[in-house]
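Some notes on the structure that comes next.
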Amino acid sequence: MFRNNYDNDSVTFSPQGRIFQVEYAAEAVKQGSVVVGIASKTHVVLVAIKRNAEELSSYQKKLFPIDEHVGIAIAGLTSDARVLSNFMKQQCLGHRLTYGRNMPVRTLVDMIGSKAQINTQHYGKRPYGVGLLVAGVDSAGPHLFEFQPSGMTEEMIAFAIGARSQMARTYLERNIDKFADCDREGLIRHGLRALKESLVQDRELTVDNTSVGVTGIVKAEDGSFKVEPFQVYDQQDVMAWIESVGDDKEGGAGDAGEGEGEGEGEDMEVDS
Amino acid sequence: MAAMFSQNPLMNGPNYSISDTPRINAPEGAREHRFDPYTDNGGSTLAIAGADFTIMAGDTRLASGYSINTRHYPKLFKIGGTTADQKDATIVLSVVGFAADGEALKERLDTICKMYRYRHGKPMSVKACAQRLSTILYQKRFFPYYAYAILGGLDEEGKGAVYSYDPVGSYEREQCRAGGAAASLIMPFLDNQVNFKNQYVPNSGEGHALQERERRPLTRSEVEVLVKDAFDGAVERHIEVGDGLQIMAITKDGIEEVMLPLKKD
Amino acid sequence: MDHRPQAWGRPRDDIYGAYDGSYLQNSGPKTATQSPVVTGTSVIAIKFKDGVVMAADNLASYGSLARFTDVKRLRPFLDTSIVGFGGDVSDMQFLDRHLNELAIDESYEHESTSAAAASPEGQGEQGAATSAPAGKLNAANLHKYLSKLMYRRRNDFDPLWNQILVAGFDGQTKPFLASVDLRGTTFSSPSLATGFGAMLAQPIMRKYAATEEDAARLTRDEAVNVVKECMKVLFYRDARSLDRYSIAVVTKDGVELSENEQLEKQSWAFAERIRGYGTQTV
């Protein structure tokens, strides 16, 4: 029995004008745990929920530094992401070597866009099974980009991809006006709140399952602007942020706050 | 090219980089008409390892022939920091010889160290970095980087480490080393002052019975004075050395950098 | 009669013997510039407190022949930097075309970044931090790029026979001036000069700007006057120079380039006092 005749490769259109392999790749992104990115005028943050395959295993990394001014958050196949991450790292180093500057974020994102598109138009190739949020700063300020396996890239003010990310996007849409003037800490808190929206019931943000990545532009003492290098925060470094969004209702999360407030943070049991 | 592997003034004539010294073997009127990819930009470097520090130094003159291209050319580079400003670097590379090759060598080593950090999440050890630098140099064995490199840092035990190289990658770990144009002037001074060569205990005997002065590691302040003296001497006697002195001190707390003036004549 | 096109215009084999076509072969070793042909002489430049002045005369020499007398050897880049070329003129023109391409690519890149959705009005204040429009190559970036290009060509034993000065601003809005030559050697200094200028003009300029601090005190007019004075000295003493020259000033407001300057207030009185040449005795 045939369910679908048009999904054996990525070079054949279906009669409806769809390329199923590319759409399936987009499904792989939705299997990944949720990541959120938000940009303000000065900073751009990435926050992510890490998953562990089982109780005894370690948590899968979700945030990767690319260069001092760029980092990515991934949702989907981690191994595919690592290929893209290595590629981006090489490109950034190469650009720095030939021009002596940070690679413009848009240029970098266009490169992985073109790279991924090739996989959707050649027989025997497979689209990347991963979506990215690319956060970076350049001389035009902070940027946040979304990348999809189809090769689509788009600049965003705030976005979320991965499992149940619609809830996070709803939060972001509701608060979109607040982001531009947000400071660094405020932006991180917005990110964490959006993340919380996407959690299934009786799941919490813990120091074990939360990652935060930040880069931005900071004013130095001499008045010039410097890049705050992209850095990933895990474990104890994210505890204060998690606690600060432990029981607040800011941002007007519409749903009823189910029993949070008690025992947040440190001794939280590892979720499965 | 023989000149670049030998610092012997007797073989090469006076140790200038200028190529218009009289040609002895060339037939009358014969002119070489080929692009020469190398020049020697002069300058000198020096590194001394202490018990828990390494001090590296280099002058900041960039010469070609009798001209001074600039008085502000650094020969010491921090290697392998996380970011381009090398704030958290722990290794210093000094290069002297052909400046463009030196620059290329520095950037290659730095990129490799940065990739190492990215892959392994920790900085490269000096020992590993030293080995890698040798490989980089040897890879260009038949079109060498014309650069005398010295690598400095702290080893796994926290002791000062200095590795010195020839242009094609031979290297060894040493207590101290001078490189570049005035190496032949500075190195004997270092042998005497750092390794106490030819220093004997007074009245300890005659001939072979003479007792050598006991070796002891120098303190940081002693080394700093030594470095300045070595360069003041080199400046006096070598036309390609001068203008400024760049010093870097590598300790467990990081890398301190100072600039001192040298004679500009 | 041999009508094959290969034989057109060639000496007849039956009279002159077999034709030696070896020079026509396009296989065999690749040829590269082994020496410059048509050349430009000195380029000089000096930093001042809010920019850089650069000058070069309009002459292209063929050996000792003053072959082309209206050749512009300074070119602006993106209206934020100036590039000055000494050495081979054909290599300069190659680089000029290459830089045009680079500038076009860079402008497109800038266009796409500025249309970005999430780059908010915050740009305004950051725009103040980097005087060049966002994302565009500044002089320091351009110099780095050219040095990589020149070094690459020297590694291929196919050098571009030039010494190049690049002037403009670095990322931190400080005046920038640096040089790169045919071997990829790079250096930077408050004042720079190529070729003959390194002997004649550089000592004069160093009197006014020995250090960065000195240069940061020079006014624009002072810097322009120093450069004009140096051009005069070069015309007096450099036999491959011309009294028509180009002068460019780069500041935060952009590049001002004047390509038809004439040396003013020349005085050849000193020439009478020169002794010791030719048949002249005492």
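The values are calculated or read from the model by the stated rules, or taken from the named source; none is laboratory data. Only a predicted model underlies this, so the values are computations on that prediction, with no experimental measurement involved. We place every Cβ from the backbone using ideal geometry, glycine too, and count neighbours over all the protein chains shown.
Structural remarks
- With respect to being among the small types (Gly, Ala, Ser), surrounded by 13 or more Cβ atoms within 10 Å (Cβ to Cβ) and without any contact (Cβ under 8 Å) to a residue 24 or more places away in the chain, A:Ser10 falls outside the description.
Yes or no, residue by residue, for (1) within 11 Å of another protein chain (Cβ to nearest Cβ); (2) surrounded by 24 or more Cβ atoms within 10 Å (Cβ to Cβ):
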site: C:Thr186; (1), (2): yes, yes
site: C:Met199; (1), (2): yes, no
site: C:Tyr208; (1), (2): no, no
site: C:Glu213; (1), (2): no, no
site: C:Ile247; (1), (2): no, no
site: C:Lys252; (1), (2): no, no
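- Candidate set from the stretch A:143-155 (those that are more than 8 Å from every other protein chain (Cβ to nearest Cβ) and in contact with a Leu (Cβ under 8 Å, 6 or more places away or on another chain)); member that is surrounded by the most Cβ atoms within 10 Å (Cβ to Cβ): A:Phe145
- Residues of the stretch A:34-48 that are more than 9 Å from every other protein chain (Cβ to nearest Cβ) and either within 12 Å of the chain's Cα centre (by Cα) or among the hydrophobic types (A, V, I, L, M, F, W, C) (or both): A:Val34, A:Val35, A:Val36, A:Gly37, A:Ile38, A:Val45, A:Leu46, A:Val47, A:Ala48.
- Qualifying residue in the stretch B:120-128 (condition: of a type in the set (D, E, K, R) and within 18 Å of the chain's Cα centre (by Cα)): yes
- Of the criteria (1) facing chain A (nearest Cβ under 9 Å); (2) at pLDDT 95 or above; (3) over 18 Å from the mean Cα position of the chain (by Cα), which one C:Arg152 fails: (1)
- Filtered residues of the stretch B:40-66 (kept if modelled with pLDDT of 95 or more and hydroxyl-bearing (Ser, Thr, Tyr)): B:Ser44, B:Thr45, B:Thr54, B:Thr60
- Number of positions in the stretch A:206-236 that are surrounded by 16 or more Cβ atoms within 10 Å (Cβ to Cβ), over 15 Å from A:Leu46 (Cα atoms) and away from chain C (no Cβ under 14 Å): 3
- When we screen A:Gly246, A:Gly223, A:Gly213 for residues that are out of contact with any Pro (no Cβ under 7 Å at 6 or more places or on another chain) and at positive phi, the only hit is A:Gly223.
- Selection status of B:Leu190, in contact with a Cys (Cβ under 9 Å, 6 or more places away or on another chain) and surrounded by 13 or more Cβ atoms within 10 Å (Cβ to Cβ): yes
- Condition check for C:Leu165: under 20 Å from C:Pro76 (Cα atoms) and out of contact with any Lys or Arg (no Cβ under 9 Å at 6 or more places or on another chain): yes
- Listed conditions (1) crowded, with 24+ Cβ neighbours inside 10 Å; (2) within 10 Å of chain C (Cβ to nearest Cβ) are all met by A:Ala140, apart from (1).
- Considering (1) within 14 Å of chain C (Cβ to nearest Cβ); (2) of a type in the set (A, V, I, L, M, F, W, C); (3) crowded, with 22+ Cβ neighbours inside 10 Å, the lone condition that B:Leu109 does not fulfil carries the number (1).
- Residue count for the stretch A:218-247, restricted to those that are touching a Lys or Arg at 6+ places or on another chain (Cβ under 8 Å) and not in a strand (DSSP E or B): 4
- Residue that is more than 25 Å from A:Asn209 (Cα to Cα), more than 14 Å from chain C (Cβ to nearest Cβ) and without any contact (Cβ under 8 Å) to a residue 12 or more places away in the chain, where the choices are A:Gln90, A:Gln121: A:Gln90
- When the criteria are applied in full, A:Asp67 meets the requirement of being within 14 Å of another protein chain (Cβ to nearest Cβ), under 26 Å from A:Glu185 (Cα atoms), acidic (Asp, Glu) and in contact (Cβ under 8 Å) with a residue 24 or more places away in the chain.
- Remark: pairs (first residue in the stretch C:208-226, free of Cβ contacts under 8 Å to residues at least 40 places away in the same chain and farther than 21 Å from C:Glu264 by Cα; second residue among the hydroxyl-bearing types (Ser, Thr, Tyr) and assigned to a helix (DSSP H, G or I); Cβ separation under 8 Å; 6+ apart in sequence or on different chains) = C:Asp214/C:Tyr208.
- Residue identified as within 14 Å of chain C (Cβ to nearest Cβ), among the small types (Gly, Ala, Ser) and more than 30 Å from C:Asn138 (Cβ to Cβ) among A:Ala194, A:Ala158: A:Ala158
- The residue that is surrounded by the fewest Cβ atoms within 10 Å (Cβ to Cβ), among those in the stretch B:79-99 that are within 18 Å of the chain's Cα centre (by Cα) and β-branched (Val, Ile, Thr), is B:Thr90.
- Candidates B:Ile239, B:Ile250 - the one that is among the β-branched types (Val, Ile, Thr), under 30 Å from B:Asp88 (Cβ atoms) and surrounded by 12 or more Cβ atoms within 10 Å (Cβ to Cβ): B:Ile250
- Any hit, the stretch B:141-151, residues being within 14 Å of chain C (Cβ to nearest Cβ), surrounded by fewer than 18 Cβ atoms within 10 Å (Cβ to Cβ) and not in a helix (DSSP H, G or I): yes
- Any chance B:Gln211 is out of contact with any Lys or Arg (no Cβ under 9 Å at 6 or more places or on another chain), polar (S, T, N, Q) and more than 25 Å from B:Ala249 (Cα to Cα): yes
- Check on C:Phe196, under 16 Å from the mean Cα position of the chain (by Cα), hydrophobic (A, V, I, L, M, F, W, C) and modelled with pLDDT under 95: yes
- Failed criterion for A:Ala163 (all others in (1) over 13 Å from the mean Cα position of the chain (by Cα); (2) among the hydrophobic types (A, V, I, L, M, F, W, C); (3) away from chain C (no Cβ under 14 Å); (4) assigned to a loop (DSSP other than H, G, I, E, B) hold): (1)
- The conditions of being within 21 Å of A:Leu97 (Cα to Cα), out of contact with any helix residue (DSSP H, G or I) (no Cβ under 9 Å at 6 or more places or on another chain) and either more than 8 Å from every other protein chain (Cβ to nearest Cβ) or of a type outside the set (Val, Ile, Thr) (or both) are met by B:Lys87.
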